[in-house]
Amino acid sequence: MLETAPLSDLAWTRGYTDPAWIRRFTSQGRELSPSRRVWRGPQPARPLPRAAADLEALDLATTDAGPLKPADLFAAAQTDAFVVLHRGRIVRECYPHGGQAHTPHFNASAAKSYLGLLAATLAHQGLIDRTAPACAYVPELAGTAFGDARVEDLLHMGTRVSYAGRPFDKAVEAQRYQAVISPKLRPFGYQGPTTIREHLLTARATGAPGEEFRYENGNVEALAEVLRRVTGTTTSSLLSEVLWAKLGAEEDAYYILDGDGVEAACGGFSATARDVARLGEMLRCGGAVGDRQVIPQEVAATITSGVPEGYPRRVRLPGAPVTSPATLSYHDLWWILNDPYGSYMASGIHGQRLFVSPGLELVVVHFGSQVVSPAVPPAPLAQAFVRIGVHLDS
């Protein structure tokens, strides 16, 4: 059972630097909070054919210590699951720390990108106006930083915000958010908001929306509330209906819930590596699974090309993963590599990645328990994925 001591000391100090604790956290989300399943649907699982490739001797990156082989990468990233699809076939799959293919793993902030797909799809269908303020859909958010921002701003982390009068600090606000959604993660004496909605209502703008990129969970939670109001359904049901039940997934996924029974949309999602790979393969194939169009082709195609005017293109974004390329940009809650292959990724703390590269016909899923500490160099995951793709493509 996870420890329930005041986590101002445990989770945010020891937890970020202890791979064993991280691994328990990423695999036991349902023990921290109530959860709601994302149904896989009634159909049989869609097979993933195999075509094994020998990657063990491949140099994935160059570091100060020399060439990085796959085994070195797994050690540096504390890899829990690794699945590589090339042209729709599994060429590498492993679970280095004894995980199992059927066990859901925490996706952390990679979940933001999945919500971005839902929002982009509903906007394409005309159900959401990207230029409308969020409070047009969620009236009680009027006067808050997120309610007065456009849907477009939420999709691009384009708000400047402070909570409850505190100066904004990304790390502190991430910790406070965890305390909001899970009573077991609240520091001793915590007296702040106890639900996501209460948390959003404390947000005040410190600058005009649409002028600056600032990576902040509240944008995604406000967007999720917009989607719930427009569709009249939960985030879990919406994700199942639009995506999960159409992928041929093997397993249900799930979201953890706050005290109101609302999904933690920005990072409370767990799913298996194979099923996340199926999601990535659908995107690589232009939004289609076989002969069935799951999301509009335009939505899939514009992930890398649709960055709106006023938002950074081909620059290093504040809050980006430290291993990201210098030309990273951001669109609809996806990280865009701006490489020659049209690559993009969903990214979460501790090494959660869904990497899609249409030009290399590649999908990579990496789940990890990577230490977050200035004293520990991060594993160069994006660089390694591109290297694998170039090798397989040749």
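Can you find a residue in segment 89-100 that is over 18 Å from the mean Cα position of the chain (by Cα), more than 14 Å from residue 354 (Cβ to Cβ) and crowded, with 23+ Cβ neighbours inside 10 Å?
No; the residues of segment 89-100 include none that is over 18 Å from the mean Cα position of the chain (by Cα), more than 14 Å from residue 354 (Cβ to Cβ) and crowded, with 23+ Cβ neighbours inside 10 Å.
Could you list, in sequence order, all residues of segment 217-265 that are of a type in the set (S, T, N, Q) and closer than 29 Å to residue 168 by Cβ?
If we filter segment 217-265 for residues that are of a type in the set (S, T, N, Q), which is where we start, we get 217, 219, 231, 233-237, 240.
Correct list: 217, 219, 235.
Restricting to segment 300-310, what's the tally of residues that are open to solvent by 10 Å² or more (accessible area, probe 1.4 Å) and either farther than 30 Å from residue 209 by Cα or β-branched (Val, Ile, Thr) (or both)?
Number satisfying all stated conditions: 3.
Tally time: how many residues in segment 34-76 are of a type in the set (Gly, Ala, Ser) and over 25 Å from residue 391 (Cβ atoms)?
Pass one, segment 34-76, residues of a type in the set (Gly, Ala, Ser): 35, 41, 45, 51-53, 57, 61, 65-66, 71, 75-76.
Restricting the remaining residues to those that are over 25 Å from residue 391 (Cβ atoms) gives 35, 41, 45.
Count: 3.
What are the residues in segment 182-225 that are closer than 19 Å to residue 263 by Cβ and open to solvent by 60 Å² or more (accessible area, probe 1.4 Å), if any?
Scanning segment 182-225 gives 183, 184, 197, 198, 201.
Which number in (1) touching a Gly at 6+ places or on another chain (Cβ under 6 Å); (2) of a type in the set (S, T, N, Q); (3) without any contact (Cβ under 8 Å) to a residue 12 or more places away in the chain marks the one condition that residue 194 misses?
(3)
Given the conditions (1) open to solvent by 20 Å² or more (accessible area, probe 1.4 Å); (2) at pLDDT below 90; (3) more than 21 Å from residue 97 (Cβ to Cβ), report the number of the one that residue 342 does not fulfil.
(2)
Which of the residues that make up segment 241-295 are of a type in the set (Gly, Ala, Ser) and open to solvent by less than 10 Å² (accessible area, probe 1.4 Å)? Spell out how you get there, then give the answer.
Just the residues of segment 241-295 that are of a type in the set (Gly, Ala, Ser), to begin with: 245, 248-249, 253, 259, 261, 264-265, 267-268, 270-271, 273, 277, 280, 286-288, 290.
Within segment 241-295, 248, 249, 253, 264, 265, 268, 270, 271, 273, 277, 280, 287 meet the criteria.
Only one of these conditions is not met by residue 274: (1) more than 17 Å from the chain's Cα centre (by Cα); (2) among the basic types (Lys, Arg); (3) modelled with pLDDT of 95 or more. Which number is it?
The number of the failed condition is (1).
In contact with a Gly (Cβ under 7 Å, 6 or more places away or on another chain), under 26 Å from residue 288 (Cβ atoms) and at pLDDT 90 or above: which single residue out of 81, 101, 53, 77 fits that description? Write out each step before concluding.
Details: 101 fails: in contact with a Gly (Cβ under 7 Å, 6 or more places away or on another chain); 53 fails: in contact with a Gly (Cβ under 7 Å, 6 or more places away or on another chain); 77 fails: under 26 Å from residue 288 (Cβ atoms).
Going through 81, 101, 53, 77 in turn, the sole match is 81.
Within segment 115-137, identify whether any single residue is more than 20 Å from the chain's Cα centre (by Cα), farther than 22 Å from residue 329 by Cβ, of a type in the set (D, E, K, R) and not in a loop (DSSP other than H, G, I, E, B), and answer yes or no.
There is no residue in segment 115-137 that is more than 20 Å from the chain's Cα centre (by Cα), farther than 22 Å from residue 329 by Cβ, of a type in the set (D, E, K, R) and not in a loop (DSSP other than H, G, I, E, B).
The values are calculated or read from the model by the stated rules, or taken from the named source; none is laboratory data. Quick caveat, the model's predicted, so the values are computed rather than measured. No Cβ is skipped: glycine too gets one built from the backbone with ideal geometry, and neighbour counts run over all protein chains shown. We work out accessible area using only protein heavy atoms, side chains counted, and drop any ligands, DNA or RNA first. Shrake-Rupley method; radii C 1.70, N 1.55, O 1.52, S 1.80 Å.
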